[in-house]
Amino acid sequence: MRIVRGEGADIDADRAVTAALREDVASDGEGAVRAWRPHRQLAFGRRDTRADGYGRAREIAREHGYPSHERDVGGRAVAYTGNTVAFLRLEPIEDLRSGMDARYDEAVEDVRRALETVGVTAERGEPPDAFCPGQHSLSAAGKLVGLAQRVSKGVAQTAGIAVVRDHEEIAAVLNGVYDALGVAFDPDSVGSVARAGGDGDPDRVARALETALVGGRDATVERLR
């Protein structure tokens with residue numbers, strides 16, 4: 001398994017890293033793990049882009065200093081402050097129609113264990129009116145992890161974000177964004193590792209996630225230049 005560390009030079013370059021990894025896993029059958037700190041941005045889901053208030057939501061994000069981008073997995077808008085950690089595991093698959101629930105369950109449990117190593121006991125689930133609502137979340141003093149999955153020919157991508165700190169800043173920008181989109185949102189539902197009493201160092205959280213997602217597999221580390 002490959003572990004890829006680091007970020008691309010900008011948001012588009014960073015997204016290209018993940019796209020290239022997906023292609024590699026589909027072609028050579030070697031899995032990959034990545035845990036990193038995306039550039040500051042407001043990542044909108046595809047449903048958001050179809051909302052009447054999408055233009056206003058983008059304006060609000062810009063007013064808070066967040067460039068807007070559309071992501072290819074997941075549901076509703078998510079804010080990355082530069083301290084937020086994104087993570088993914090790419091696995092080769094043969095059948096697109098099977099294994100999704102098992103991959104979700106395994107990833108949720110792996111992430112839960114990773115959080116324990118940085119001092120947070122998280123439970124599966126999320127409070128009402130949380131950001132990017134979904135079934136595959138972890139909470140401790142608010143929602144701090146959400147996961148999504150993308151399946152394509154030859155590869156399954158299970159990915160998510162972990163809010164490490166800056167939960168108040170995230171709540172502030174998402175409050176306006178979700179209001180413009182017409183989506184129910186409770187700012188107090190935003191949790192973070194730091195808010196739950198854990199280690200608020202994003203790099204330590206990234207390494208903990210990386211280790212848990214690799215599990216007992218043999219792995220080699222590659223660094224982006």
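The values are calculated or read from the model by the stated rules, or taken from the named source; none is laboratory data. Treat the numbers as computed from the prediction; the structure is a model and nothing was measured. Reconstructed Cβ throughout: ideal geometry from the backbone, glycine too, with neighbour counts over all protein chains shown.
Exactly one of (1) of a type outside the set (Gly, Ala, Ser); (2) without any contact (Cβ under 8 Å) to a residue 24 or more places away in the chain; (3) on the phi > 0 side of the Ramachandran plot is unmet by CYS132. Its number?
Tallying (1) of a type outside the set (Gly, Ala, Ser); (2) without any contact (Cβ under 8 Å) to a residue 24 or more places away in the chain; (3) on the phi > 0 side of the Ramachandran plot, CYS132 fails exactly one: (2).
Tell me whether region 97-115 contains one or more residues that are over 25 Å from THR211 (Cα atoms) and not acidic (Asp, Glu).
Here is the first cut: in region 97-115, the ones over 25 Å from THR211 (Cα atoms) are 97-98.
Filter once more, so that each one left must be not acidic (Asp, Glu): 97-98.
Yes.
Residues of region 107-120 being more than 16 Å from the chain's Cα centre (by Cα) and without any contact (Cβ under 8 Å) to a residue 40 or more places away in the chain, which ones? Walk me through it before giving the result.
To start, the set of residues in region 107-120 that are more than 16 Å from the chain's Cα centre (by Cα) comprises 113, 116-120.
Once the filter is applied, which keeps residues that are more than 16 Å from the chain's Cα centre (by Cα) and without any contact (Cβ under 8 Å) to a residue 40 or more places away in the chain, region 107-120 yields only GLU116.
Looking at region 40-67, which of its residues are under 27 Å from ARG89 (Cβ atoms) and not charged (D, E, K, R)? Walk me through it before giving the result.
Kept after step one, since they are under 27 Å from ARG89 (Cβ atoms), are these residues of region 40-67: 40-49, 66-67.
Answer for region 40-67, where residues must be under 27 Å from ARG89 (Cβ atoms) and not charged (D, E, K, R): GLN41, LEU42, ALA43, PHE44, GLY45, THR49, TYR66, PRO67.
Could you list, in sequence order, all residues of region 198-225 that are hydrophobic (A, V, I, L, M, F, W, C), in contact with a strand residue (DSSP E or B) (Cβ under 8 Å, 6 or more places away or on another chain) and surrounded by 13 or more Cβ atoms within 10 Å (Cβ to Cβ)?
Pass one, region 198-225, residues hydrophobic (A, V, I, L, M, F, W, C): 205-206, 208-209, 212-214, 219, 221, 224.
Add one more test, that the residue is in contact with a strand residue (DSSP E or B) (Cβ under 8 Å, 6 or more places away or on another chain), and what stays is 205-206, 209, 213-214, 219, 221, 224.
Across region 198-225, the qualifying residues are VAL205, ALA206, LEU209, LEU213, VAL214, ALA219, LEU224.
Quick one: is GLY45 in contact with a Gly (Cβ under 8 Å, 6 or more places away or on another chain) and within 22 Å of ALA171 (Cα to Cα)?
yes
All but one of (1) within 29 Å of ALA61 (Cα to Cα); (2) in contact with a Ser or Thr (Cβ under 9 Å, 6 or more places away or on another chain); (3) surrounded by fewer than 19 Cβ atoms within 10 Å (Cβ to Cβ) hold for ARG112, so report the exception by its number.
For ARG112, the failing item is (1).
From the list GLY55, GLY75, GLY82, pick out the single residue that is under 14 Å from the mean Cα position of the chain (by Cα) and more than 14 Å from ILE170 (Cα to Cα).
Details: GLY55 fails: under 14 Å from the mean Cα position of the chain (by Cα); GLY82 fails: more than 14 Å from ILE170 (Cα to Cα).
Going through GLY55, GLY75, GLY82 in turn, the sole match is GLY75.
Is it true that ASP72 is acidic (Asp, Glu) and within 24 Å of ASP12 (Cβ to Cβ)? Step through it out loud before you land on a result.
Numbers: acidic (Asp, Glu): yes; within 24 Å of ASP12 (Cβ to Cβ): yes.
Yes; evaluated as a whole, the condition is true for this residue.
Matching residues to (1) of a type in the set (Val, Ile, Thr); (2) surrounded by 18 or more Cβ atoms within 10 Å (Cβ to Cβ); (3) modelled with pLDDT under 95:
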{"site": "MET100", "(1), (2), (3)": "no, no, yes"}
{"site": "GLY119", "(1), (2), (3)": "no, no, no"}
{"site": "PRO127", "(1), (2), (3)": "no, no, no"}
{"site": "VAL145", "(1), (2), (3)": "yes, yes, no"}
{"site": "ALA171", "(1), (2), (3)": "no, yes, no"}
{"site": "ALA196", "(1), (2), (3)": "no, yes, no"}
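I need the strands (runs of 3 or more DSSP E) fully contained in region 1-77, keeping only those with at least 3 residues that are in contact with a strand residue (DSSP E or B) (Cβ under 8 Å, 6 or more places away or on another chain) and crowded, with 16+ Cβ neighbours inside 10 Å. Steps first, please.
Numbers: elements: 2-5, 32-36, 41-44, 68-70.
Hits in region 1-77: 2-5, 32-36, 41-44.
Report, by residue number, each residue of region 86-101 that is of a type outside the set (D, E, K, R) and not in a loop (DSSP other than H, G, I, E, B). Don't jump to the end; show me each part of the working.
Here is the first cut: in region 86-101, the ones of a type outside the set (D, E, K, R) are 86-88, 90, 92-93, 96, 98-100.
Of everything in region 86-101, those that are of a type outside the set (D, E, K, R) and not in a loop (DSSP other than H, G, I, E, B) turn out to be ALA86, PHE87, LEU88, LEU90, PRO92, MET100.
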